[in-house]
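Worksheet for the structure shown next.
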Protein chains: 2
Amino acid sequence: MSVTAAAGFRAAGVVAGLKPSGTPDVALVVNDGPQHTAAAVFTSNRCKANPVLWSERTIADGTLSAVVLNSGGANCYNGPDGFQTTHASAELVAELTGGQAFDVAVCSTGLIGQPLDRPILEKGIRAAHAELSADGGPAAATAIMTTDTVAKQAVSGGDGWVVGGMAKGAGMLAPALATMLVVITTDAVADAATLDTALRAATRSTFDRLDTDGCMSTNDTVALLASGASGVTPGEAELTAAVTAVCADLAEQLWHDAEGAHHDIAIEVTGAASEDDAVEVARAVARSNLFKAAVFGNDPNWGRVLAAVGTTKAAFEPEHIDISMNGVKVCVAGGTGVGAPSDGVDLTGRDVHVLVELNAGPATATVLTSDLTHDYVHENSAYST
Amino acid sequence: MSVTAAAGFRAAGVVAGLKPSGTPDVALVVNDGPQHTAAAVFTSNRCKANPVLWSERTIADGTLSAVVLNSGGANCYNGPDGFQTTHASAELVAELTGGQAFDVAVCSTGLIGQPLDRPILEKGIRAAHAELSADGGPAAATAIMTTDTVAKQAVSGGDGWVVGGMAKGAGMLAPALATMLVVITTDAVADAATLDTALRAATRSTFDRLDTDGCMSTNDTVALLASGASGVTPGEAELTAAVTAVCADLAEQLWHDAEGAHHDIAIEVTGAASEDDAVEVARAVARSNLFKAAVFGNDPNWGRVLAAVGTTKAAFEPEHIDISMNGVKVCVAGGTGVGAPSDGVDLTGRDVHVLVELNAGPATATVLTSDLTHDYVHENSAYST
């Protein structure tokens, strides 16, 4: 399972002491080869954390031999020392594994603006290196958790080759939030360009459509490393499908574990003139605090869906829109038709499906979001205090 | 005070019975002239309520003799009968006042998708007409309240002429939320084009920069009516200044009464390359749920400010940004300088001032917002149930 499901990878997760809670906080994933091709995508936030600034450079040549990750500090906007800490941690991993610092990606998650204790981090990296093992994936997945309540892991693959991954966070990638960190490994043989194509296609339809609270993180990173240890070279489509399956599985797990959520809300938009239109409309609904608060209250307030749709530039005519909530078509032809009574909608369960039929074209998209709850407010008002 | 402060106007507010609470719910404002010039701006939401669709047409010729308003129903997306109800209410006002239906603007506020009871509304309009008086402004201001806890009224003016206004709601105009309705009256002599210029300039720097929860209403309307009863023709700049003063005053009152807010947060952006950049950055911060929840928790989490700034397209270098909270500069040069300790920031009071210095140009703007609180979630999860 996880990042050690594929041959050629070892991982570990340890308690370094970065988190006051004393839970695991440093993870290491090492690619033992024979190949070390890789791809990565990062937050589109223009204010980027030090590990993102570092990792963007390391991935430029399509090679990674290891990824080191820490929770307990975002290492972001904490002065020049912060970037040096990122650099030093990559150097240490390279020294321990016999590689190059520029082949080591670094990921951090936690509070912005706080110093990241370099000696503690380095102690953790040494401990993680000592514990590296071919079944260390679950420990690594546990060490990157912050407000996550469960470790997130997924596996897919093809005939003779495997794709596995781990994730932490509760959000979307571009824009993105809550510091989502994802490491995916495969023992397939693939060059860096193929990995890049597969990863971008996979994230576009998975993590990019997860939008739990509309906020974009400074630290989001999704890395894909290939060891080639299986000796199998899948076709690009086959590889993309497997990577997409792992990303979709991890995205679902992030969605179900979103901070404070009581409902998992899927906003499906059909009949859009383009896929971009469908995503724009679904995202607008997913970002309406009024709609999200209504769902928390089990209130099928479709007027707030319609009001959100109206804020977009998507092609549609207001009087052609149909809206269904959990299978009940409550709004027909933008209210000009006779919709079913709202009180026939049952929102008491965890799963909420909102279908917005624009009737303006053939395209479709689904964005996954959460309701706006007292628990969300509580978690995010008390997080750093 | 209010909409009857200016000569030439009468107003009333009555209980029609549209609201289950039994509080006043129909208001009428009548311009007795001698002139009937007017201007209006509306929500930029593409899904518009019936009264907005109607009023957009009535204002096309720059003439209004009356505005009729109701709370207790948005009259939005409730079938073809809804538009007929809007039309019928304008016809009734015209009949009662001896004017033309196309000179009567209509405003509604309440739930989307619900029928608006025409007989009850018409009964209310007749009652309001019977109670019209030159000191009926406060009654009218009370009758348009929904979740407002206080009536909002303001007065300004010049030598021998007056501008007065009333407002309900808790939001911004374009995009806009929570159904903000504003009626402003003046006894100045002014043609429709001058009124339009003054109103657009005023709303652009006031209501357009109030963004309490990022949601845009289907019903927002701001109307400005001139009676000319003072006989004074102020200069355009003078008139614009007075209308802006009334709008700013009303916007501040809306801000202080935003649903569920515990903190009134002013996001000031300076050093922007353009005013549009300044507004974009301030609005991005004002829409960050993570930032707003942190303020609720009295937590000076400036990392969430920075993360929001980074989502914009504004011109800036991340390492040039300074952030101050309530006068304490907690982030210097994007964290590369030494900021003051966050624990020196006191957020326990109602007023919070966030200063984002982009150091990228001369432009500035301030957006007013609220924190994200348990009360906000409660009010908006329980509103229609």
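The values are calculated or read from the model by the stated rules, or taken from the named source; none is laboratory data. Computed from a prediction, not measured in an experiment: that's the story for all the values here. Backbone-built Cβ (ideal geometry, glycine too); neighbour counts: all protein chains shown.
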What strands (runs of 3 or more DSSP E), lying completely within segment B:328-374, carry at least 3 residues that are aliphatic (A, V, I, L, M), in the same structural domain as B:Arg283 (by TED's automatic domain parsing) and surrounded by 17 or more Cβ atoms within 10 Å (Cβ to Cβ)? B:351-357, B:363-370
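Which residues, taken from segment A:26-46, are within 14 Å of chain B (Cβ to nearest Cβ) and either part of a strand (DSSP E or B) or charged (D, E, K, R) (or both)?
Matches in segment A:26-46: A:Phe42, A:Arg46.
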Count of residues meeting criterion [closer than 15 Å to B:Val281 by Cβ and within 12 Å of another protein chain (Cβ to nearest Cβ)] in segment B:313-354: 12
Among the residues in segment B:121-133, are any in a strand (DSSP E or B) and surrounded by fewer than 19 Cβ atoms within 10 Å (Cβ to Cβ)? yes
Could you tell me whether A:Thr312 is of a type in the set (Ser, Thr, Tyr) and over 21 Å from A:Asn289 (Cβ atoms)? no
Taking the residues in segment B:8-59 that are surrounded by fewer than 18 Cβ atoms within 10 Å (Cβ to Cβ) and touching a residue at least 60 places away in the same chain (Cβ under 8 Å) as candidates, determine which candidate is farthest from the chain's Cα centre (by Cα). B:Pro34
Lone qualifier among B:Ala90, B:Ala94 - being over 25 Å from the mean Cα position of the chain (by Cα), part of a helix (DSSP H, G or I) and not hydroxyl-bearing (Ser, Thr, Tyr): B:Ala94
In this structure, is B:Gly82 within 22 Å of B:Arg126 (Cα to Cα) and buried (at least 24 other Cβ atoms within 10 Å of the Cβ)? yes
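Looking at B:Arg304, is it of a type outside the set (A, V, I, L, M), at pLDDT below 95 and either under 17 Å from the mean Cα position of the chain (by Cα) or assigned by TED's automatic domain parsing to the domain that holds B:Asp32 (or both)?
No: the conditions fail for B:Arg304.
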Given the conditions (1) out of contact with any strand residue (DSSP E or B) (no Cβ under 9 Å at 6 or more places or on another chain); (2) in contact (Cβ under 8 Å) with a residue 60 or more places away in the chain, report the number of the one that B:Thr336 does not fulfil. (2)
Just give me the residues in segment A:202-237 being at pLDDT 95 or above and either surrounded by fewer than 24 Cβ atoms within 10 Å (Cβ to Cβ) or part of a loop (DSSP other than H, G, I, E, B) (or both), in sequence order. A:Ser227, A:Gly228, A:Ala229, A:Ser230, A:Gly231, A:Val232, A:Thr233, A:Pro234, A:Gly235, A:Glu236, A:Ala237
For segment B:264-275, which residues satisfy the criterion of being in contact with a Gly (Cβ under 8 Å, 6 or more places away or on another chain) and on the phi < 0 side of the Ramachandran plot? B:Ala272, B:Ala273, B:Ser274
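Give me the residue from segment A:60-75 that is assigned to a strand (DSSP E or B) and surrounded by 24 or more Cβ atoms within 10 Å (Cβ to Cβ) and, out of that set, nearest to the other protein chains (Cβ to nearest Cβ).
Of everything passing the filter in segment A:60-75, A:Gly73 is nearest to the other protein chains (Cβ to nearest Cβ).
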Which listed residue is at positive phi and of a type in the set (A, V, I, L, M, F, W, C), from A:Ala278, A:Ala360, A:Ala333: A:Ala333
Six or more apart or on different chains, Cβ atoms under 7 Å: show the pairs whose first residue is in segment A:305-320 and within 18 Å of A:Gly337 (Cα to Cα) and whose second is in a loop (DSSP other than H, G, I, E, B) and among the aromatic types (Phe, Trp, Tyr). A:Leu306/B:Tyr77
Can you tell which of B:Thr197, B:Thr203, B:Thr185 is under 16 Å from the mean Cα position of the chain (by Cα) and under 30 Å from A:Thr312 (Cα atoms)? B:Thr203
Pick from segment B:76-132, criterion more than 14 Å from chain A (Cβ to nearest Cβ) and in contact with a Phe, Trp or Tyr (Cβ under 7 Å, 6 or more places away or on another chain), ranking: nearest to B:Ala167 (Cα to Cα): B:Val106
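May I ask you to verify whether A:Asp220 is more than 14 Å from chain B (Cβ to nearest Cβ), under 19 Å from A:Ala154 (Cα atoms) and acidic (Asp, Glu)?
So A:Asp220 fails the test.
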Just wondering, is there one or more residues in segment B:256-268 that are outside any loop (DSSP other than H, G, I, E, B) and farther than 19 Å from B:His353 by Cα? no
Just to be sure before I move on: is A:Phe316 aromatic (Phe, Trp, Tyr) and more than 22 Å from A:Asp351 (Cβ to Cβ) in the structure I sent? yes
Could you run through segment B:263-285 and say how many residues are within 19 Å of the chain's Cα centre (by Cα) and within 20 Å of B:Val328 (Cβ to Cβ)? 6
Looking only at segment B:24-44, decide whether some residue is under 30 Å from A:Ala308 (Cβ atoms) and touching a Lys or Arg at 6+ places or on another chain (Cβ under 6 Å). yes
Within segment B:279-304, which residues are assigned to a helix (DSSP H, G or I), touching a residue at least 40 places away in the same chain (Cβ under 8 Å) and either within 9 Å of another protein chain (Cβ to nearest Cβ) or over 24 Å from B:Gln253 (Cβ atoms) (or both)? B:Val281, B:Asn289, B:Lys292, B:Ala293, B:Val295, B:Phe296, B:Trp302
